[in-house]
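Just so it is clear, none of the values below were taken in a lab; they were calculated from the coordinates. Owing to the predicted nature of the structure, the values given are computational and were not obtained by experimental measurement. Here the Cβ positions follow ideal geometry from the backbone for every residue, glycine too, while neighbour counts run over all protein chains shown.
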Protein chains: 2
Amino acid sequence: MPSKTTLKDLANLAGVSVSTVSKALNDSPEIGARTRQRIKDIAESCNYVPNNIARSLKSRSTKTIGVIIPAILIEFFNKVLYGIEQEATERGYKIVICLSNESSRKEAESINTFINGSVDGVILSVAEETQKSKVYDHFEKSAKHNMPMVMFDRVLDDITCDKVTVDDFEGAFNAVKFLSDLGSKNILFLNPISNTSVGQHREDGYVKAVSGLNQEPNIVNVSHYTEIEKALSTVFNNQKIDAILAADEYSAALAQNAARLNNLKIPQDLSVIGFTNGMVAEYANPSLTVVSQHAENIGKIAAGILLDRIEGKLRAEPVNKVVKTKIVERNSTKNI
Amino acid sequence: MPSKTTLKDLANLAGVSVSTVSKALNDSPEIGARTRQRIKDIAESCNYVPNNIARSLKSRSTKTIGVIIPAILIEFFNKVLYGIEQEATERGYKIVICLSNESSRKEAESINTFINGSVDGVILSVAEETQKSKVYDHFEKSAKHNMPMVMFDRVLDDITCDKVTVDDFEGAFNAVKFLSDLGSKNILFLNPISNTSVGQHREDGYVKAVSGLNQEPNIVNVSHYTEIEKALSTVFNNQKIDAILAADEYSAALAQNAARLNNLKIPQDLSVIGFTNGMVAEYANPSLTVVSQHAENIGKIAAGILLDRIEGKLRAEPVNKVVKTKIVERNSTKNI
DNA sequence: GTGAAAGCGCTAACAT
DNA sequence: ATGTTAGCGCTTTCAC
């Protein structure tokens, strides 16, 4: 931490007491106008900046919120982060970010980092490992400390706290409906994230929707993106498929590439919809129609709830906000 | 901030003094083994967590570094952030992130947020507005406060501090060389960021390289991505171009789309290279050959320098690290 | 109108 | 081996 001039220094310079300086700088009416100005001038000339650590210790409020995300290289989380940052800034809060990198250990460490008084509350999306292992000790601990907490997107049913989730089921359901309305009769579901709760919800929505249309579910699960080209080529050669719903935007983009390789024209021969409205979808060729989760908005909502909670504006029971998805239409689906 | 049990509470419970508790918890040899254990047990049962704010106030070190980036939705900055986070975590530091959103005002506010003792040092990339306006008051102020600071990528020559930059000039120069070696004779430079220092360096490298090849520089500046399709179509119709070097990956992807629209085959008729090795480049069709800036590595290096500086491991003079670029070859350039 | 003093939670030099 | 005390920088009650 760099060297600093303190209230004491200013008091010495001004020949007054520390408390007078403090009051003057905080525009207390107790202090006379000219003393106040004199002190302010001195502070100015010394480049005085009040020490926030000391203030926080005194006020028991840090005006910062902690955010834990599983990965910073997933665009969805960045957009959420952007939303959080906007809302936080607007309401006078800073954000501290920790990455769990999908690991339970790092997630627990991050919680511990926050629990010690450095933030007023926490926003997080659960690490994949934690979702699998179902070991929630660290969250129970933070709950015991009365740390205000809101989970978003990847949430834990077993933990009581505020939550913001995406209606992935309905998103997939509506996407199938959208394709069907465009005339698609053989809709395939491409799922590279079948091992996550989110991937599962999307699959469920797809199955429910196609069943309602009297189509057989046709699901291709891949464990890695590199498998997509081969898997789809096999499908194209053996079945007649006229639409693909992909569980994320990367697989949607790769599906388009595979289709082109198999001489299928998009959207004439094949319609493609992906999940997540990100850069890859936008810059794909053709640009991708996607199911948008309103990531930025999720961030704003989560931060709004947390700050309301911190500031005591919420009643005791946890809030549970479900954000609806929306289809963003581009050129990978027929325009009728 | 949530309610907390303090050293004082523990002291009362154990029937000893506060300092005894403090020493016991910190494994001081001054305290007897059984007292120590007894105190630790009590602390454990109370879920005691030491207050970090109080510790920071005392130790005058926060073990956290501040990061200011111009935008969180630019993948390059995320990768740098990822690198910073890794290095920081490894060395026992946390990171606090502020976004300037390319605005000088928000940048100055962020600096002020950090200058007040909440971080031990700052890593930043300069906001576009600041680069244009050349108003550096906030940086001079932080320098006056002896705040350790390292700038990366977008740096200010007029400010004295540690710096990590990318050799954009050489990166562009080498890309032209690479294209020329592949047989390209008419290389166009597509620049959507000509108003930034980085965009300028890349242009300079291009100009230098083509001049050395006795080609006339052929530069298309666009102020918005939406202009690219039209601008390039005009070019394709009136000139014979066999390669495009784009100053970022988005414009490279859009250049490919424009080429396809004009019935040019990539890479047979036209080679394309972009700057920045991101998702869009990876998932483009064909996948893009790019100039990689090793973003993650830049983050690691910047954090390493900052922490060395904070910990007094560096001599006075500022370090100035230039990171070399590398060409990542994919399918948008001929493979000979 | 100004100052003295206490205290936020913690650490550490200095007693005992 | 344990306790007393002072102090990090600030705010805030209470005296003068």
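Kindly indicate whether any position in the range A:221-238 is at negative phi, touching a residue at least 40 places away in the same chain (Cβ under 8 Å), among the aromatic types (Phe, Trp, Tyr) and assigned to a helix (DSSP H, G or I). No: zero hits. Taken as a whole, the structure leaves residue B:247 outside the set of residues that are under 27 Å from the mean Cα position of the chain (by Cα) and within 14 Å of chain A (Cβ to nearest Cβ). Picking from residues in the range A:176-211 that are of a type in the set (Asp, Glu) and more than 15 Å from residue A:246 (Cβ to Cβ), the one that is surrounded by the fewest Cβ atoms within 10 Å (Cβ to Cβ) is A:181.
Listed conditions (1) surrounded by fewer than 18 Cβ atoms within 10 Å (Cβ to Cβ); (2) near DNA strand D (Cβ under 10 Å from one of its atoms) are all met by residue B:56, apart from (1). Taking the range A:21-61 as the range and being within 12 Å of DNA strand C (Cβ to nearest atom), farther than 22 Å from residue B:117 by Cβ and not basic (Lys, Arg) as the test, the residues that pass are A:28, A:29, A:30, A:31, A:32, A:33, A:35, A:37. The listed residues are A:63, A:163, A:141, and the only one of them that is facing chain B (nearest Cβ under 7 Å) and of a type in the set (D, E, K, R) turns out to be A:141.
The number of residues in the range B:88-113 being touching a Ser or Thr at 6+ places or on another chain (Cβ under 9 Å), charged (D, E, K, R) and under 19 Å from residue A:86 (Cβ atoms) comes to 4. When A:288, A:270, A:254 are screened for being away from chain B (no Cβ under 14 Å), crowded, with 19+ Cβ neighbours inside 10 Å and over 29 Å from residue A:160 (Cα atoms), only A:270 passes. All of (1) in contact with a helix residue (DSSP H, G or I) (Cβ under 6 Å, 6 or more places away or on another chain); (2) within 12 Å of DNA strand C (Cβ to nearest atom) hold for residue A:88 with one exception: (2). Among the conditions (1) more than 16 Å from DNA strand D (Cβ to nearest atom); (2) within 11 Å of chain B (Cβ to nearest Cβ); (3) crowded, with 22+ Cβ neighbours inside 10 Å, the only one that residue A:107 does not satisfy is (2). For the range B:80-104, name all the residues that are in a helix (DSSP H, G or I) and at the interface with chain A (Cβ under 7 Å from one of its Cβ atoms). Within the range B:80-104, B:81, B:82, B:85 qualify. Being more than 16 Å from the chain's Cα centre (by Cα) and not hydrophobic (A, V, I, L, M, F, W, C) is the filter here; which residues of the range A:306-330 pass it? Within the range A:306-330, A:308, A:309, A:311, A:312, A:313, A:315, A:317, A:318, A:326, A:329, A:330 qualify.
In summary, residue B:98 fulfils each of the numbered conditions (1) under 31 Å from the mean Cα position of the chain (by Cα); (2) within 10 Å of DNA strand D (Cβ to nearest atom) with the single exception of condition (2).
Any residue at all in the range A:61-71 that's within 11 Å of DNA strand D (Cβ to nearest atom) and surrounded by fewer than 21 Cβ atoms within 10 Å (Cβ to Cβ)? Yes: one or more hits. When residue B:241 is tested against (1) assigned to a loop (DSSP other than H, G, I, E, B); (2) in contact with a His (Cβ under 8 Å, 6 or more places away or on another chain), just one condition goes unmet, and that condition is (2). Just one of (1) within 12 Å of DNA strand D (Cβ to nearest atom); (2) not in a helix (DSSP H, G or I) fails for residue B:48. It is (1). The lone criterion from (1) of a type outside the set (Lys, Arg); (2) closer than 25 Å to residue A:76 by Cβ; (3) more than 13 Å from chain B (Cβ to nearest Cβ); (4) out of contact with any Lys or Arg (no Cβ under 7 Å at 6 or more places or on another chain) left unmet by residue A:239 is number (2). Just so you know, in the range A:4-45 the residues that are more than 12 Å from DNA strand D (Cβ to nearest atom) and not in a helix (DSSP H, G or I) include one that is nearest to the other protein chains (Cβ to nearest Cβ), and it is A:15. Considering (1) more than 8 Å from DNA strand C (Cβ to nearest atom); (2) within 39 Å of the chain's Cα centre (by Cα); (3) not small (Gly, Ala, Ser), the lone condition that residue A:10 does not fulfil carries the number (2). Where in the range B:105-210 are the helices (runs of 4 or more DSSP H), entirely inside, with at least 1 residues that are of a type outside the set (D, E, K, R) and touching a residue at least 60 places away in the same chain (Cβ under 8 Å)? Once the helices (runs of 4 or more DSSP H) in the range B:105-210 are filtered for at least 1 residues that are of a type outside the set (D, E, K, R) and touching a residue at least 60 places away in the same chain (Cβ under 8 Å), what remains is B:128-133, B:168-181. Restricting attention to the range B:66-76, the residues that are at the interface with another protein chain (Cβ under 10 Å from one of its Cβ atoms) and in contact (Cβ under 8 Å) with a residue 12 or more places away in the chain add up to 5.
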